[in-house]
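A short worksheet on the structure shown next.
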Amino acid sequence: MSLKLIRIARLKQFASSRGHEGPVELGKAIGKKANQTSDLLTGKASFGEKVALSITEFAGLPVGWLDVLESDQNTAIGPVVRGCVPLISDVQAGMYKEYVDNYHPDDGGQELIPTSVPIQRHTFALRVVGDSMEPDFRAGMILVVEPEMEPNPGDYVIAKNGSEETTFKQLVRDGADWYLKPLNDRYPIKPLGRSTIVGVVRAVEKRFR
């Protein structure tokens, strides 16, 4: 198969994996006009190095991704990175509005965490400590938290008590009563009581180094 046909096949694969239907949607994702995209998909347009590089850069794909068929590689397309959020402490999480403003970013030397979930003004990240949420969430994992989302039963949430201490648990409901549930059976379920929900966990990132 020629390199041009490989690139066309990979472009179609990219469109399918991201749910881009038609040349208009796909064009927006790769930085091309609809007619240019249509010509690329049908083979009418040239698909040289310059075009391939511009597409991979705009779409956030690895360099050369369009040049290798899926059967020849052992990696898949990663999620679209929507932006970065600051990694803050559990103390700061209790007062997130004072520490996080993603519309006017000022990280103050804080580590920024890339995420694929939509970012709002106060979206932030926390690091898991302790073992109360094992085995699903282990110490060191990074949580992306959305304070502006209404929590539902079953959501993983960050809660704050009256002492400004925060905890990471699953929010469960029994009738009219709400509880904070650890996933580790060695820890008890506790009533939500006067604790308040700081935010809903939208994503988790595993880091090995």
Taking interchain pairs and intrachain pairs at least six residues apart, which have beta carbon atoms under 6 angstrom, with the first residue in the range 123-141 and touching a residue at least 24 places away in the same chain (Cβ under 8 Å) and the second in a loop (DSSP other than H, G, I, E, B) and of a type in the set (D, E, K, R)?
-> Met141/Lys206
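Before we move on, is Leu180 part of a strand (DSSP E or B), touching a strand residue (DSSP E or B) at 6+ places or on another chain (Cβ under 7 Å), surrounded by 18 or more Cβ atoms within 10 Å (Cβ to Cβ) and free of Cβ contacts under 8 Å to residues at least 24 places away in the same chain?
Values: part of a strand (DSSP E or B): yes; touching a strand residue (DSSP E or B) at 6+ places or on another chain (Cβ under 7 Å): yes; surrounded by 18 or more Cβ atoms within 10 Å (Cβ to Cβ): yes; free of Cβ contacts under 8 Å to residues at least 24 places away in the same chain: yes.
Spelling it out, Leu180 is indeed part of a strand (DSSP E or B), touching a strand residue (DSSP E or B) at 6+ places or on another chain (Cβ under 7 Å), surrounded by 18 or more Cβ atoms within 10 Å (Cβ to Cβ) and free of Cβ contacts under 8 Å to residues at least 24 places away in the same chain.
Is there a residue in the range 159-174 that is exposed (fewer than 11 other Cβ atoms within 10 Å of the Cβ), without any contact (Cβ under 8 Å) to a residue 24 or more places away in the chain and assigned to a strand (DSSP E or B)?
From the range 159-174, those exposed (fewer than 11 other Cβ atoms within 10 Å of the Cβ) are 162-163, 174; that's our starting set.
In the following step, the residues that additionally are without any contact (Cβ under 8 Å) to a residue 24 or more places away in the chain were identified as 163, 174.
When the remaining residues are screened for being assigned to a strand (DSSP E or B), the result is 174.
The answer is yes, given that some residue of the range 159-174 is exposed (fewer than 11 other Cβ atoms within 10 Å of the Cβ), without any contact (Cβ under 8 Å) to a residue 24 or more places away in the chain and assigned to a strand (DSSP E or B).
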Working carefully through the options Val80, Val24, Val117, find the one that is closer than 16 Å to Pro147 by Cβ and either of a type in the set (A, V, I, L, M, F, W, C) or modelled with pLDDT of 90 or more (or both).
-> Val117
For residues that are part of a loop (DSSP other than H, G, I, E, B) and either surrounded by fewer than 21 Cβ atoms within 10 Å (Cβ to Cβ) or aliphatic (A, V, I, L, M) (or both), scanning just the range 37-55, find the one that is nearest to the chain's Cα centre (by Cα).
-> Gly48
Matching residues, the range 110-152, being part of a loop (DSSP other than H, G, I, E, B) and in contact with a Phe, Trp or Tyr (Cβ under 8 Å, 6 or more places away or on another chain) | Arg121, His122, Val128, Ser132, Met133, Phe137, Pro147
Take the residues of the range 90-106 that are assigned to a loop (DSSP other than H, G, I, E, B) and loosely packed, with under 13 Cβ neighbours inside 10 Å: which is modelled with the lowest pLDDT?
-> Asp106
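Residues checked against (1) charged (D, E, K, R); (2) touching a residue at least 24 places away in the same chain (Cβ under 8 Å):
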{"position": "Ser2", "(1), (2)": "no, no"}
{"position": "Ile6", "(1), (2)": "no, yes"}
{"position": "Arg10", "(1), (2)": "yes, yes"}
{"position": "Gly19", "(1), (2)": "no, no"}
{"position": "Pro23", "(1), (2)": "no, no"}
{"position": "Asn35", "(1), (2)": "no, no"}
{"position": "Asp39", "(1), (2)": "yes, no"}
{"position": "Gly43", "(1), (2)": "no, yes"}
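The values are calculated or read from the model by the stated rules, or taken from the named source; none is laboratory data. Since the model is a prediction, treat every value here as computed from it, not as a measurement. Quick reminder, even Gly has a Cβ in these numbers, built from the backbone with ideal geometry, and neighbours come from all protein chains shown.
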